[in-house]
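Worksheet: the structure to be examined is printed underneath.
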Amino acid sequence: YEIMPSLVGWEMCIRDRHEDVQDFIAAFVPTVDEHARRRESLELVAAAVGEHWPGADAIAFGSFASGLYLPTSDVDVGVRGLPDGSKKDKERTLRELAALLRERGLAREDAAAGHELEVIASARIPIIRFVCASHLTAIDLTLDADSGAESTRLMRSYVGAVSYTHLTLPTTPYV
């Protein structure tokens, strides 16, 4: 009776766990096409915002901006550079922005498919939730982008400081 498996057995166990972890990561990493659709959706929203309010723009923050999003994640978008009056009356500005998204055909509105543009003005951080019509990307759009952008910068610094190689290091249970 052998208490410890042979070295060959440990090597096989390490390899198998390494492959399991790699398969797990691959299943949750968005494809290049999924990333491009999100980026293009953001660009469409930013263009509409910039044309409607010269000097304003839309930026991504959160998991997409930090690179830590899943294929099923939405894109968090913040609008910044709005005229002062727009910032004071957030609900009116959100409704104006929702009308702009509808006007431009950017929001897919298909109740049967569960895609409706929704203004959630009563939330702690009011948002517009919609699905981009051309890319079927879920988007949460807010006027309060400053704290989200700062959190994203902080997260990016952590992501840049930590190598992802630790995710593929083998973990072997003790027998």
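The values are calculated or read from the model by the stated rules, or taken from the named source; none is laboratory data. Quantities reported herein were computed from a predicted structural model and do not represent experimental measurements. All Cβ positions, even for glycine, are placed from backbone atoms using ideal geometry, and neighbour counts span all protein chains on display. The area values use the complete protein model at the heavy-atom level, side chains included, leaving out ligands, DNA and RNA. Shrake-Rupley method; radii C 1.70, N 1.55, O 1.52, S 1.80 Å.
What ranking of Val79, Val29, Val21 comes out by heavy-atom accessible area, probe 1.4 Å, highest first?
Val29, Val21, Val79
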Sorted by accessible area (1.4 Å probe), largest first, how do Thr142, Thr31 line up?
Thr31, Thr142
Could you check the spin-label model distance between Leu154 and Ser63? Points 7 Å from the Cα along Cα→Cβ, value in nm.
1.9 nm
Rounded to the nearest 0.05, what FRET efficiency is calculated for Asp16 and Arg95 with R0 set to 41 Å and r the Cβ-Cβ distance?
0.15
Could you compute how much accessible surface Arg104 exposes when probed at 1.4 Å, giving the result in Å² to the nearest 10?
100 Å²
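Accessible area, 1.4 Å probe, largest first: how do Glu103, Glu43, Glu96 sort?
Glu103, Glu43, Glu96
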Counting only the heavy atoms of the protein chains, how much of Asp84 is accessible to a 1.4 Å probe, in Å² to the nearest 10?
110 Å²
Built amide H within the under 5 Å cut-off of Val75, gap 5+:
Ala138, Ile139, Asp140
Take peptides 58-66, 117-125, 131-139 and line them up by average Cβ neighbours within 10 Å, highest first, as a rough protection proxy.
58-66, 131-139, 117-125
